[in-house]
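Derivation of every value follows stated rules applied to the coordinates shown; laboratory data play no part. Fair warning: this is a prediction, and the values are worked out from it, not measured in the lab. When we count neighbours, we look across all protein chains shown, and the Cβ atoms used for this are built from the backbone with ideal geometry, even at glycine.
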Amino acid sequence: MIGFSVNGKRVDLDVDPSTPLLWVIREQLELTGTKYGCGMAQCGACTVHINGEAVRSCVAPVSRASGKSVTTIEGLSPDLSNPLQRAWLEEDVPQCGYCQSGQLMSAAVLLREKPKPTDEDIDAAMTGNICRCGTYPRIRRAIHRAAEMVAKGGAR
Amino acid sequence: MIGRKMGKGIERRDFLKVSVAASGGLLIGFQFPGINTLAAAKSATGPKASADTFEPNAFVRIGSDERVTVIVNHSEMGQGVYTSLPMLLAEELDADWTKVGFAPAPVDPKYNHPAFGLQMTGGSSSVWSGLEQFRQAGAAARSMLVAAAAQQWNIDAATCRTESGAVFHGSDRKLTYGQLVDAAAKLTPPAHVQLKDPKTFKLIGKPIKRLDTPEKLNGGAVFGIDVKLPGMLTAVIARPPIFGAKMRAFDDSRARSMPGVKKIVAVPAGVAVIADSFWQAKTARDALHVEWDEGSMQNFNTSEMMLDFRERAKTTGTSVRKEGDAATALAGAARKIEAVYEVPYLSHLMMEPLNCVVDLRADSCEVWTGSQFQTIDRANAAKVAGLPNEKVQLHTTFLGGGFGRRANPQSDFVVEAVHVAKAAGAPVKVIWTREDDMHGGWYRPAFLHAIEGGIDASGNAVSWRSRSVGQSIMAGTPFVAMMKGKDYDPASVEGIDDLAYASPISRLSRTSRRSMCRCSGCVLSDTHTLRSRWNVSWMNSPHWRKRIPTSSGVHSFTSSLDILACSIWPRRKRDGANLCRRGWGGGSRCISPLKVTRRMSPRSRSQMVEFACIAWYAPSIAGST
């Protein structure tokens, strides 16, 4: 049995500890917002947080989450109240949308570490998240917008 | 550019022709959009009345709760059709936009593409082909709602007006669409409707936020890979390492006993491992030992193929277009350039790898997948399932990118899933790993494209000679009929046979377009169309705006000629630079992926302007349709 918390809820699972966390989240826990893109930490679509750190869940064995706190896109805020989600809405960021869960989860860590990121900070932090539709300019604008919201005392 | 400035340089008819050719040549039952669309828009069973909904036609459903659901017959793969097409309908309906939603259409002939005669999405064609279809469907619904209100008020319908989801009469009478649902459902749809004067549009042409954004920000959007059915198993397939290879034998002694594995079966696509979960299926698949008969492609390599292309390019191919005497015109040109573009095979590489869910029963089959070819996918699934088409339901999910890969004439990713479902004895989801997807073929074909061009002393293009070599997309597919009467594949000469520019320079020069258009450049184009030993397909994406490899060369070379002209004529220089800076071309002339292998006079200048052009155009890439 492997136990950890997901979006604040405790789970105990009977699962092969070498199974990538991604597939446990998607299949056992039925949280399908976290996406499979490459399976080799190259595209960022599977990004989740383990104890607040951005992790590529497609290569992280579920054992790595043991005893820890996992946050998925569903836990960022289900009602779209997170400044990043609000900024993403205002900038109309997604196209096909498949990569956006990972983009948001990476951006969340960036904003926590750098509340006022420059374009260069954003490019550096987001470079591991690929968008095949090419929404990068809007992602960058949305991160700046979210940073402004937080600075002005938006919900965080 | 074409979409943005339509009607200025390119006539609308030409635009349609170009667009249809751009689809990969699905010129089946081509007609201008709008014709017969009202008939097509009528629900097969007439208006439906249920307790609380009004379905005046196949494209809209209005509830007593005021919700307006637009049924969209095109697939949402990032290009925005779940917003743009509802906008068209809501505009004519005078709906309250905050109450408008969308639903994917089931597979039915009434949802066929008005121009292509199939239910499908591709070729940057959804909005132009749906323009009148969706507007008419909205106008028809509006007219019935107005008639219902007029009946209740016992007045002439012509004295009513509509706004934001309600019918008004005078200043004191108002009935919302939700209140009129029952009454409107009893009326007969109108035979003709009056469409709005575009000057009065409230939605069309305005920036509107996408309807599908919220669910793409909280994990709610369901892509094919997210579908889950009760009792569903997951399969991963061991696929041939070489195109055309066939499975000879396999040893599953290790894989069979691995946890979660239910069945391991040979299917036409390879060897399918069916398990409780993806990771179990994938690890067991990797533990299989499969012997392949590698077939005729085992010694094939692309470097040798490109050498062969270069040899072929020395000889004249099948004539595609001939206007005037291009050789003489080139000889007399003031400036000449020549370029050879070699573009590689390209995988579509959607972010969401291919997948398909199938629930096969004795007398029914349900399929969930991100499809761009619903009519074809359903028919192919039905064939494998041994069921008539109407017993097969195909549910279109969100597509994590399409780019043409999910518009597959053989429905490869659907057909194999039905085969797996036959063996699984339970609902099953087949998932391609990223490697499976990347190795899986149906690439955009590699091409060699050599172009020579010349301009006269005033900067007018006077000669354009083009020769291309590459593999046919249509040959060996049901679309081979498109090649009838031609010795080449129309999909392989996009931008060549329908060169959209009477003279390239005329497109860039605002100040003298009129006179330029009278300048008739000489054009000579030929091509070597090679029959495939393996499958290739069309590709579309924001980066290669046109999906057929030769069009990239055309656009790049056009730019080169334009800039060459700018360099010798100051006024052009200014115009050209301004137009480039303003994003003229809308990114559709993006040329960055090209490899320029050879360039002749004037060597240094043309190379310089070529790369300058990349820098100017690339930032304005935008999705469309």
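What percent does the relative contact order of segment A:63-156 come to when contacts are Cα pairs within less than 8 Å and at least six residues apart?
The normalised contact order for segment A:63-156 reaches 39 percent.
Once phi is turned into ³J(HN,Hα) by the Karplus curve 6.51 cos²θ - 1.76 cosθ + 1.60 with θ = phi - 60°, what whole-Hz value does each residue of segment B:219-235 show in order, with x for glycine and proline?
Using θ = phi - 60°, the values come out as x, x, 4, 9, 8, x, 5, 8, 5, 9, 10, x, x, 6, 9, 10, 10 Hz.
Using 0.36 nm times the number of residues separating B:Tyr345 and B:His192, minus their current alpha carbon distance, what extension gain do you get?
So the extension gain works out to 50.2 nm.
In the neighborhood of A:Leu22, defined by Cβ-to-Cβ distances under 10 Å, what is the net charge if each Lys or Arg adds +1 and each Asp or Glu adds -1?
+2
Between segment B:325-404 and segment B:246-323, how many Å separate their Cα centres?
19 Å
Going down the list A:Lys68/B:Lys228; A:Lys152/B:Lys216; B:Lys206/B:Lys486, which pairs span over 32 Å between their C-alpha atoms?
Too far apart for the 32 Å limit: B:Lys206/B:Lys486.
If you rank B:Trp128, B:Trp97 by fewest surrounding Cβ atoms within 10 Å, what's the result?
Fewest to most other Cβ atoms nearby, the residues stand as B:Trp97, B:Trp128.
Would you kindly derive the ³J(HN,Hα) couplings of segment A:9-16 from the backbone phi angles with the Karplus curve 6.51 cos²θ - 1.76 cosθ + 1.60 (θ = phi - 60°), listing them in order in whole Hz, with x for Gly and Pro?
Those phi angles translate into 10, 6, 10, 10, 10, 9, 8, 4 Hz.
About the Cα centre, and with charges only on the beta carbon of Lys, Arg (+1) and Asp, Glu (-1), how big is the dipole of segment A:2-76? Nearest 20 debye, please.
Dipole of segment A:2-76, to the nearest 20 debye: 200 debye.
Using R₀ = 60 Å, calculate the FRET efficiency as 1/(1 + (r/R₀)^6) where r is the Cβ-Cβ separation of B:Lys484 and A:Lys116; round to 0.05.
0.45
What is the sum of charges, Lys and Arg at +1 and Asp and Glu at -1, for the other residues whose Cβ falls under 12 Å from the Cβ of B:Ala417?
Spelling it out: positives minus negatives among the neighbours equals -3.
So what J values fall out for segment B:74-90 if you push phi through Karplus, 6.51 cos²θ - 1.76 cosθ + 1.60 with θ = phi - 60°, rounded to Hz, Gly and Pro as x?
So the Karplus estimates, Gly and Pro as x, are 10, 8, 8, 10, x, 7, x, 5, 6, 10, 5, 6, x, 4, 4, 6, 5 Hz.
Given an 8 Å cut-off on Cα distances and at least 6 residues of separation, report the relative contact order of segment A:2-76 as a percent.
41 percent
Given the pairs B:Lys99/B:Lys391; B:Lys99/B:Lys196; A:Lys114/B:Lys282, which are separated by over 28 angstrom at their Cα positions?
B:Lys99/B:Lys391; A:Lys114/B:Lys282
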